[in-house]
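To start, the structure itself, in structure tokens.
The values are calculated or read from the model by the stated rules, or taken from the named source; none is laboratory data. Source: prediction; values computed, not measured. Here Cβ is always computed from backbone atoms with ideal geometry, including for glycine, and neighbour counts include all displayed protein chains. Just the protein is used for accessible areas: all its heavy atoms, side chains included, with ligands, DNA and RNA removed. Shrake-Rupley method; radii C 1.70, N 1.55, O 1.52, S 1.80 Å.
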Amino acid sequence: MKLLKVAVSAAALALATLPALAQTPSTLRIGLQEDPDMLDPHKARTFVGRIVFMGLCDRLVDITPELKLVPRLATEWNFSADGLTLTMKLRSDAKFHDGEPFNAEAAKANLERAMTLPDSLRKSELASVDKVEAPDATTLLLKLKRPDATLLSQLTDRAGMMLSPKSLSGDVTAKPVCSGPYKFVERVQNDRIVLEKFREHWEADKYNFDRILYRSIPDTTVRLANLRSGELDMLERLAPTDVKSAQSDKSLKVMSMANLGYQGITINTNNGEAAKQPMGQDKRVRQALSLAIDRKVLSQVVFEGLYEPMNQPFNPGNFYISADLPVPARDVAKAKALLKEAGQPKVSAELFVTNNPVDAQLGQVIQAMAQEAGIDIQIRSTEFASQLRDQQQGKFQMSRIGWSGRIDPDGNIHPFVTTGGGQNDGKYSNPEVDRLLNQARTVYEPAERKKLYDAAQKILQDDLPIIYLYNQTVFFALRSNLQGFVINPDGMIRLAGLKRS
């Protein structure tokens, strides 16, 4: 307890010594669970990075809490009869933070960069686009190689975010120049990101704070303590163990919604030397691990029973869930039999987790469950950005990682399991899975698409390159005087309408 009090006091003191901007009434202070990765929408992949981008970078299209597509920089759109041309009409009153006008040529430059940049993570999201044309300042044409039912949903996120073309020749991550309601001021790694209001934004009257201060505070207890003390105005991902306590605090309010994604374990099956071990090379070992985990108990022990157990990439209740693949019951005997069949009655594997208290406990529970089946798990812990970097480089055996989800099912599965997928860190590859998921992108009728996803999932549930564990209900905690926050299933913090009463 003494150590905890010291940690909380130290964090509060650190906040108190920030520049005066952090204490002004017109600054909104948001606590993040991790430090974002690079602030370049074409290269970024973190959940918290997307939260920062919501203030920094406008998108062509957005979504409502009901998951309907709504205009942002694009005011209207339509597909040609053959599905091979997407025409978008663009705003004529938008500007970038450097004063340059937003227009079709700027949008074209951004999309082409996202499609061609060597380390772009948006390539697979825009893989159907053959070329981009800008016939006039407010008309954007995307010529497609094939029909793509996923394309508009991709443009609601980082693939549709716009950077100033003049900034693209420099170091975007050092000072991103976007067109959103707030512009970049400074970043202190593993501490804070500061934005200030862009008063020439086309929708500036909807944004009530002069500055936004994002603080990365991985320790959930310290983050909540700072909210209670008034050093933060809101935080994302309140720990389930703190929900009841926060709900009983009259100075706070708690809001929640099940998100669109999944949480699970990504297995390195084909990415470098780290994949050359039983867990990576033999699906029976992965099947044994999945059967050793009691997903319901996991939720009860770590998350107060507030997170829904799952074994598919689609959130519970989603139309694309396969009824033929229910969440498996724990079966230690079968897990042991599979290991014996694989000639591996005792297996060792390393599990990578983020260095926050929740992930640490989660790793320990999985470790204990696996041990009973004959799987010895060693836990490696580091900050989130390092975990992502090592994953991409293949420096992992198993990684406890999740995905915040997308409104189109493709966004939850295609990038992670197709050959060359932008976020397929384990480099899993199966030609039949590629064929099914690529075909699903071209099908617009939901029932027909579902047949393709069901077929792909049947293979994936056998191969298990990803072991899905639970759906994360997103809990936000706010000071009771913060008004206007509208919660959305994507877990993002949209700043429009937020104000302090």
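For region 469-501, a residue qualifies if it is surrounded by 16 or more Cβ atoms within 10 Å (Cβ to Cβ), out of contact with any Ser or Thr (no Cβ under 9 Å at 6 or more places or on another chain) and not small (Gly, Ala, Ser), and the qualifying residues are Asn471, Leu478, Phe485, Pro489, Ile493, Arg494, Leu495, Leu498.
The strands (runs of 3 or more DSSP E) located wholly in region 159-271 that include 2 or more residues which are closer than 30 Å to Asp390 by Cβ and without any contact (Cβ under 8 Å) to a residue 24 or more places away in the chain occupy 182-188. Could you tell me which residue of region 319-335 is nearest to the chain's Cα centre (by Cα), considering only residues that are closer than 24 Å to Gln378 by Cα and crowded, with 18+ Cβ neighbours inside 10 Å? If we take residues in region 319-335 being closer than 24 Å to Gln378 by Cα and crowded, with 18+ Cβ neighbours inside 10 Å, then Arg330 is nearest to the chain's Cα centre (by Cα).
Here Gln461 passes the criteria (1) on the phi > 0 side of the Ramachandran plot; (2) open to solvent by 30 Å² or more (accessible area, probe 1.4 Å) except the one numbered (1).
With respect to the conditions (1) closer than 30 Å to Arg500 by Cα; (2) among the hydrophobic types (A, V, I, L, M, F, W, C); (3) surrounded by 16 or more Cβ atoms within 10 Å (Cβ to Cβ); (4) touching a Ser or Thr at 6+ places or on another chain (Cβ under 9 Å), Leu232 lacks only one, and its number is (4).
List the number of the failed condition for Leu141; all other conditions in (1) touching an Asp or Glu at 6+ places or on another chain (Cβ under 6 Å); (2) surrounded by fewer than 24 Cβ atoms within 10 Å (Cβ to Cβ); (3) closer than 22 Å to Glu203 by Cβ hold. So Leu141 meets the others, but not (3). Only one of the numbered conditions (1) open to solvent by less than 30 Å² (accessible area, probe 1.4 Å); (2) in a strand (DSSP E or B) is violated by Lys131, and that is (1).
Going by what's in this entry, would Asp376 be described as more than 20 Å from the chain's Cα centre (by Cα) and without any contact (Cβ under 8 Å) to a residue 60 or more places away in the chain? In short, yes. No other residue among Arg146, Arg122, Arg50, Arg113 is part of a loop (DSSP other than H, G, I, E, B) and either surrounded by fewer than 23 Cβ atoms within 10 Å (Cβ to Cβ) or without any contact (Cβ under 8 Å) to a residue 24 or more places away in the chain (or both) apart from Arg146. Counted as qualifying within region 54-97 are the strands (runs of 3 or more DSSP E) with 3 or more residues that are of a type outside the set (Val, Ile, Thr), open to solvent by 10 Å² or more (accessible area, probe 1.4 Å) and at pLDDT 95 or above, namely 74-79. The residue pairs whose first member lies in region 434-457 and is of a type in the set (Phe, Trp, Tyr), whose second member is surrounded by fewer than 20 Cβ atoms within 10 Å (Cβ to Cβ) and part of a loop (DSSP other than H, G, I, E, B), and whose beta carbons are closer than 9 Å, counting only pairs six or more residues apart or on different chains, are Tyr444/Gly83; Tyr444/Pro147; Tyr453/Ser322.
Here is the figure for region 98-110: residues that are among the hydrophobic types (A, V, I, L, M, F, W, C) and either in a loop (DSSP other than H, G, I, E, B) or open to solvent by 10 Å² or more (accessible area, probe 1.4 Å) (or both) total 2. Considering only residues of region 61-89 that are touching a residue at least 24 places away in the same chain (Cβ under 8 Å) and hydroxyl-bearing (Ser, Thr, Tyr), which is farthest from Glu133 (Cα to Cα)? Top of the filtered list is Thr64. Taken over region 11-29, the criterion of being touching an Asp or Glu at 6+ places or on another chain (Cβ under 7 Å), of a type in the set (A, V, I, L, M, F, W, C) and either open to solvent by less than 10 Å² (accessible area, probe 1.4 Å) or modelled with pLDDT of 95 or more (or both) is satisfied by Leu15, Leu28.
Close contacts from region 388-416, counting a first residue that is within 22 Å of Ser290 (Cα to Cα) and a second that is assigned to a loop (DSSP other than H, G, I, E, B) and of a type in the set (Asp, Glu), with Cβ to Cβ under 6 Å and a gap of 6+ residues or different chains, come to Gln391/Asp425.
The helices (runs of 4 or more DSSP H) found entirely in region 336-455 that carry 1 or more residues being basic (Lys, Arg), within 30 Å of Gly317 (Cβ to Cβ) and open to solvent by 20 Å² or more (accessible area, probe 1.4 Å) are 431-440. The set of residues in region 224-258 being within 20 Å of the chain's Cα centre (by Cα) and closer than 23 Å to Gln483 by Cβ consists of Met234, Leu235, Glu236, Arg237, Leu238, Met255, Ser256, Met257.
Here is a yes/no grid of residues against (1) among the charged types (D, E, K, R); (2) under 22 Å from Asp37 (Cβ atoms); (3) in contact with a helix residue (DSSP H, G or I) (Cβ under 7 Å, 6 or more places away or on another chain):
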{"position": "Glu200", "(1), (2), (3)": "yes, no, no"}
{"position": "Asp219", "(1), (2), (3)": "yes, yes, yes"}
{"position": "Ala225", "(1), (2), (3)": "no, no, yes"}
{"position": "Ser229", "(1), (2), (3)": "no, no, yes"}
{"position": "Ala258", "(1), (2), (3)": "no, no, no"}
{"position": "Gly261", "(1), (2), (3)": "no, yes, yes"}
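Number of residues in region 272-302 that are open to solvent by less than 20 Å² (accessible area, probe 1.4 Å) and part of a helix (DSSP H, G or I): the value is 13. Scanning region 275-318 for residues that are of a type in the set (Ser, Thr, Tyr) and more than 21 Å from the chain's Cα centre (by Cα) returns a single hit, Ser290. Restricting region 167-218 to residues that are under 26 Å from Leu238 (Cα atoms) and of a type in the set (Lys, Arg), the residue that is surrounded by the most Cβ atoms within 10 Å (Cβ to Cβ) is Arg215.
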